[in-house]
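All of the numbers you see were taken from the coordinates with simple rules; none came from a lab. The model shown is predicted, which means the values in this text are computed figures rather than measured ones.
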Amino acid sequence: MSILRRLAPNHLTTHLKHHHRRRLATAAAAVRQDTSIWTQAPLYEIEPAAESLFHVSIDVSDSPDLAASHTRAGQYLQLRVPDVEKPSFLAIASPPSYAAEKGAFEFLVKSIAGSTAELLCGLKKGDVVELSQASGRGFEIDQIEPAEKYPIVLIFRHWIWHQSNSISYRVWV
């Protein structure tokens, strides 16, 4: 039996085990981020959509694996701009079929001062960015019934980054 177990009350050893697991989880998350596969893709279009909002279209026609990774509405990906290592997480605004048919991902990006999104919104057509594979479970759009009664479905997502390094969001359909 270790000396720690003999001297420390149960709640202390439990706390130390929890702290150790949290530290391992943090290290695992750092490794996962470093193992992302990045694909270079050119900007096809970038235009103002409203005040501080930009419509961004990225050509993925030369990256069929990347296009095929987008399988459900509500998925997101990571995007890196040139000379900036920290990626930005962006929800894909276009439906999965759009990437297959048109060879592009579309986004609605809010330009926030000092962010990767601001740098992205300052790029021009033809500039190259790096994208990760699409991630996330997405939404079960096929659960909206009867489908013919709802030919257009708008999904709004609001992301919140917490100090605890977790992301929460609200979804309105």
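Quick notes
- Convex hull (Cα only) mean projected area of segment 93-148, reported in nm² to one decimal: 5.8 nm²
- On the principal axes of its alpha carbon atoms, segment 37-142 extends 37, 26, 23 Å, with the longest extent given first.
- Remark: segment 49-65, residue by residue, has Karplus-estimated 3J(HN,Hα) of 10, 6, 4, 6, 10, 10, 8, 10, 10, 10, 6, 10, 5, 8, 10, x, 5 Hz, where x stands for each Gly or Pro and the curve is 6.51 cos²θ - 1.76 cosθ + 1.60 at θ = phi - 60°.
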